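Heads up: the structure comes next, in structure tokens.
Values in this text are rule-based calculations from the coordinates and carry no lab data. These numbers were taken from a predicted model, which means no experiment stands behind them. Here the Cβ positions follow ideal geometry from the backbone for every residue, glycine too, while neighbour counts run over all protein chains shown.
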Amino acid sequence: MLQTLKRLYHQFGSPRYFYDITGRMLPWLVAAALLLLVPALIYGLGFAPPEKYQGNSYRVIYIHVPAASIAMSGYFMMAVAGVIVLVWRMKMAEMVARAIAPIGASFTFICLVTGAIWGKPTWGTWWVWDARLTSMLILLFLYLGIMALNAAIEQPQAAARATAVLSIVGAVNLPIIKYSVEWWNTLHQPASITMTSSAIDPEMLITLLTSMAGFYCLFAVLVIMATRCEILRREQRSRWVRSLVTEAVDGV
Amino acid sequence: MANSVMSDHSSVEPSLWSGLTAVMKRDLLLAFRQRSDMVNPLFFFVMVIALFPLGVGPEPATLRMLAPGVIWIAALLSTLLSVDSLFRQDFDDGSLELVLLSPQPLFVVALGKVLAHWLITAVPLICVTPVLGIMLFMDGNTLLATLYSLLLGTPILSMISAIGAALTVGLRKGGVLIAVIALPLYVPVLIFGTSAVEAAAMTLPYVGQLAYLGAFLVLALTFAPFAIGAALRISVNTR
Amino acid sequence: MQTQGLYCERDDRVLIRDLDFSLENGEVLQIEGPNGSGKTTLLRILCGLSEDYEGDIFWSGQPRARVDEAFRQGTLYFGHLTGVKAALTPRENLRWILQLKGITASAALNPLIDQALQEVGLFSYEDVPVQALSAGQKRRVALARLQLEPARLWVLDEPFTAIDRAGVAQLEQLVQQHAEAGGAVLITTHHALELTGIRKLQLGLGKGTWRIL
């Protein structure tokens with residue numbers, strides 16, 4: 001058991017192996033993402049039964065909730081990759097962490113925008129300092145800080161280590177921030193209608209879960225693609241990347 | 001002669017406490033020699049707060065309502081402003097390398113530097129807060145809450161921004177980057193700090209908020225020095 | 001100190017490949033090579049400032065990481081940047097550097113510091129802020145460390161920069177004495193050192209080549 005884990009660790013630690021295996025995995029992941037997302041979104045946005053109190057405006061949760069979930073777990077993935085970077089000096093973890101940052105930030109942004117779209121018919125304004133929206137906004141700021149630090153340091157390894165420290169500090173802070181914001185929110189305004197106020201219809205739940213799974217597949221696809229680009233960039237002088245490029249050129 | 005020092009002290013283990021005090025003494029001495037570093041963040045703090053009524057109007061009721069937020073945001077920004085130089089001089093003249101190579105544990109040095117920085121920049125700021133509070137029409141009880149919350153909250157701000165400073169010390173464009181890194185992490189301190197003051201303004205008990213700040217302070221004192229140390233090592237490593 | 005299979009690259013350029021050498025007590029090893037051949041990088045790796053290398057470094061026969069504190073206690077690094085603060089006096093600077101090594105600032109320390117300063121030719125400058133001194137004098141303040149810090153291994157990176165001829169001779173003598181007293185010295189310089197029993201490690205430019213003379 002431990003041996004297999006060790007072997008897997010070493011295999012995935014090698015950029016070349018990672019590049020090869022993800023190249024083979026990618027089409028399947030894309031197919032899975034499409035198969036899950038397309039029906040879930042069409043059904044969810046078009047045909048699922050309307051909600052009792054909010055009517056049709058609730059439908060945005062089929063995008064909003066998965067985006068929120070991915071935004072959070074993306075940040076924690078980055079922090080876990082950061083621990084691997086700092087403790088085991090694994091090159092692949094550096095690249096994965098760097099790939100996650102902008103994608104996680106985009107999902108956070110999607111979550112905020114869909115929250116605003118939902119807020120307009122529900123609250124009558126585009127923005128409310130609601131606890132969840134506010135902590136999502138701060139999560140976006142945390143992502144932006146990480147991206148800024150990544151961009152500011154030229155040497156890739158140094159950038160990876162510095163952002164690893166920052167993302168770990170951020171991940172430790174995130175629960176505290178979330179808790180503080182909720183506390184602040186209850187202090188300043190009474191609890192308003194939340195996104196999932198009424199007991200959820202099983203039909204809605206299945207649609208939501210399917211869409212969630214689809215978005216996670218999409219996230220995986222995006223992260224893998226970004227990581228592969230990062231591998232090519234960082235390993236551009238290595239022999240296997242060069243031969244890959246010459247093969248591609250010969251093919252044309 | 002080298003032998004004489006060696007024989008006197010060969011058994012001396014670097015003790016954490018003497019390391020901490022040595023770092024703090026040195027930084028306080030340096031600040032005393034270069035007093036402008038000490039005074040500028042204070043001037044900034046006073047000016048931001050003094051300009052505020054010019055922006056929102058002089059009505060006592062408005063100012064009293066906004067005062068906690070204004071004082072806290074000004075404290076936050078002035079911490080950010082001063083922290084950029086915390087490690088930069090040591091990085092530029094090479095003393096940071098000596099620190100990294102010394103047998104002294106890095107977190108002790110980091111803790112010492114941040115505490116000295118807090119004494120130099122935040123304590124004067126807390127000292128002038130009563131005057132500013134009166135200018136913003138705060139009453140006595142509220143003022144007391146402000147002082148307590150600043151006393152507990154500003155060391156946390158120093159710790160957090162020191163992480164940012166340590167991460168960016170090798171870069172030429174430190175300043176704004178530190179702000180982008182550190183500001184989101186300030187949120188809990190800002191929330192509980194201002195909320196303590198607001199509670200006091202409504203003559204409600206504010207011990208709870210202070211207890212939260214105290215808990216955050218303990219957390220920051222425990223973990224931040226290690227993060228700062230790791231960040232400094234990374235910054236020097238890539239010089 | 002020993003290294004085994006040391007490998008280091010920087011900005012995709014191999015600086016050092018498969019470097020094996022050992023430095024025993026009483027030896028002086030001069031590292032030579034053209035600019036950009038990785039002399040400073042090698043010194044930073046050896047003394048523990050840089051972690052971007054592969055291979056093993058041993059100290060007193062054990063992996064360096066395992067005896068980290070003893071290694072730090074026993075090593076003196078003198079780099080391009082001296083770590084001397086302009087706003088402090090030479091005495092304050094040296095006292096701080098000694099405190100870093102765990103030597104407590106007792107009253108007995110001051111005469112030792114003053115004597116060391118006198119020997120590097122800074123007599124009567126001990127209470128002048130360093131910013132009022134010349135470039136060479138600033139270097140000399142840092143060189144006084146060599147006489148004060150109890151360290152077996154000296155790692156000196158271009159120690160002769162900005163030092164006058166008399167100072168160079170004095171420094172050479174110090175290095176010689178240190179080696180004779182059983183210390184080890186790693187040094188980079190473009191000076192032709194006139195020391196007995198000095199060994200040389202030449203680094204080549206480019207593919208990480210090296211040879212020991």
Hand me the chymotrypsin sites (Phe, Trp or Tyr not before Pro) from segment C:107-181 located in a DSSP loop with no more than 15 other Cβ atoms within 10 Å, in residue order please.
-> C:F123
Sorting C:V155, C:A181, C:A132 by the position of each Cα along the dipole of segment C:87-213 (Lys, Arg +1; Asp, Glu -1; all at Cβ), the one nearest the positive end of that ordering is C:V155
How about A:K120: which aspartates and glutamates have a C-alpha closer than 18 Å to its C-alpha, ignoring those fewer than 8 places off in the same chain?
-> A:E51, A:D130
Would you mind classifying segment B:16-237 by shape? Square roots of the alpha carbon gyration tensor eigenvalues, ordered a ≥ b ≥ c; an a/c under 1.5 is rounded, otherwise it is prolate if a/b is larger than b/c and oblate if not.
-> prolate
Based solely on its DSSP helices, what 222 nm [θ] is calculated for chain C when runs of n ≥ 4 H residues each add -39,500 (n - 2.57) and the sum is averaged over all residues, nearest 500 deg cm²/dmol?
-> -9000 deg cm²/dmol
Between C:V67 and B:V123, with labels modelled 7 Å along Cα→Cβ, what's the label distance in nm to one decimal, could you check?
-> 4.3
Starting from segment A:1-109, pick out the chymotrypsin sites (Phe, Trp or Tyr not before Pro) whose DSSP state is loop and whose Cβ has at most 14 other Cβ atoms within 10 Å.
-> A:Y53
For chain B, what's the relative contact order in percent, using C-alpha pairs closer than 8 Å and at least 6 residues apart?
-> 25
Using r as the Cβ-Cβ distance of A:A31 and A:W129, and R0 as 30 Å, what FRET efficiency do you calculate, to the nearest 0.05?
-> 0.15
Quick one: net charge of C:Q131's neighbours, Cβ under 10 Å, K/R +1, D/E -1?
-> +3
Structure shown: which of B:K25/C:K101; B:K25/C:K85; A:K91/B:K173; A:K6/A:K91 lie over 19 Å apart, alpha-carbon to alpha-carbon?
-> A:K91/B:K173
What size of dipole, in debye to the nearest 20, comes out for segment C:22-93 about its Cα centre when the only charges are +1 on Lys and Arg C-beta atoms and -1 on Asp and Glu C-beta atoms?
-> 340
So what are the ³J(HN,Hα) numbers for segment B:159-176, from phi and the Karplus equation (6.51, -1.76, 1.60; θ = phi - 60°), rounded to whole Hz, Gly and Pro as x?
-> 4, 5, 5, 5, 4, x, 5, 5, 6, 9, 5, x, 9, 6, 9, x, x, 5
For n ≥ 4 DSSP H runs only, could you compute -39500 (n - 2.57) per run for chain B, divide by its residues and tell me the 222 nm figure to the nearest 500?
-> -28500 deg cm²/dmol
Considering only DSSP beta bridges whose two residues both sit in the protein assembly as shown, what percent are antiparallel, to the nearest 5?
-> 45
Could you state the angle between the C-alpha long axis of helix A:156-188 and the longest principal axis of the C-alpha atoms of chain A, as a value from 0 to 90 degrees rounded to the nearest 10?
-> 10
Angle between the Cα long axis of helix A:239-251 and the longest principal axis of chain A, 0 to 90 degrees, nearest 10?
-> 80
Residues with beta-carbon under 12 Å from that of A:I100, excluding A:I100: net charge, scoring Lys, Arg +1 and Asp, Glu -1?
-> -1
Honestly segment A:60-198 on the Cα gyration tensor test (a ≥ b ≥ c root eigenvalues; a/c under 1.5 rounded, otherwise a/b vs b/c for prolate or oblate) is just prolate
Dipole magnitude of the protein assembly as shown about its Cα centre, charges +1 at Lys/Arg Cβ and -1 at Asp/Glu Cβ only, in debye to the nearest 20?
-> 900
Would you work out the charge dipole size for segment A:60-198 about its Cα centre, treating the Cβ of every Lys and Arg as +1 and the Cβ of every Asp and Glu as -1, and quote it to the nearest 20 debye?
-> 180
Honestly segment B:34-134 on the Cα gyration tensor test (a ≥ b ≥ c root eigenvalues; a/c under 1.5 rounded, otherwise a/b vs b/c for prolate or oblate) is just prolate
For chain A, find the longest principal axis of its Cα atoms and tell me its angle to the long axis of helix A:131-152, 0 to 90°, nearest 10.
-> 20
Local electrostatic count at C:L6 - Lys and Arg +1, Asp and Glu -1, tallied over other residues with Cβ under 11 Å = -3
Which whole-Hz ³J(HN,Hα) couplings does segment B:194-201 yield from phi under the Karplus relation 6.51 cos²θ - 1.76 cosθ + 1.60, θ = phi - 60°, glycine and proline marked x?
-> 5, 5, 4, 5, 5, 4, 4, 5
Furthest towards positive pole of dipole, A:F47, A:A33, A:I117, structure part chain A, Cβ charges | A:A33
Once you put a point 7 Å from the Cα of C:A87 and another 7 Å from the Cα of C:R10, both along the Cβ direction, what distance in nm separates them?
-> 3.1
On the formula 1/(1 + (r/R0)^6), with r taken between the Cβ atoms of A:S73 and A:L209 and R0 of 22 Å, the FRET efficiency rounded to 0.05 is 0.90
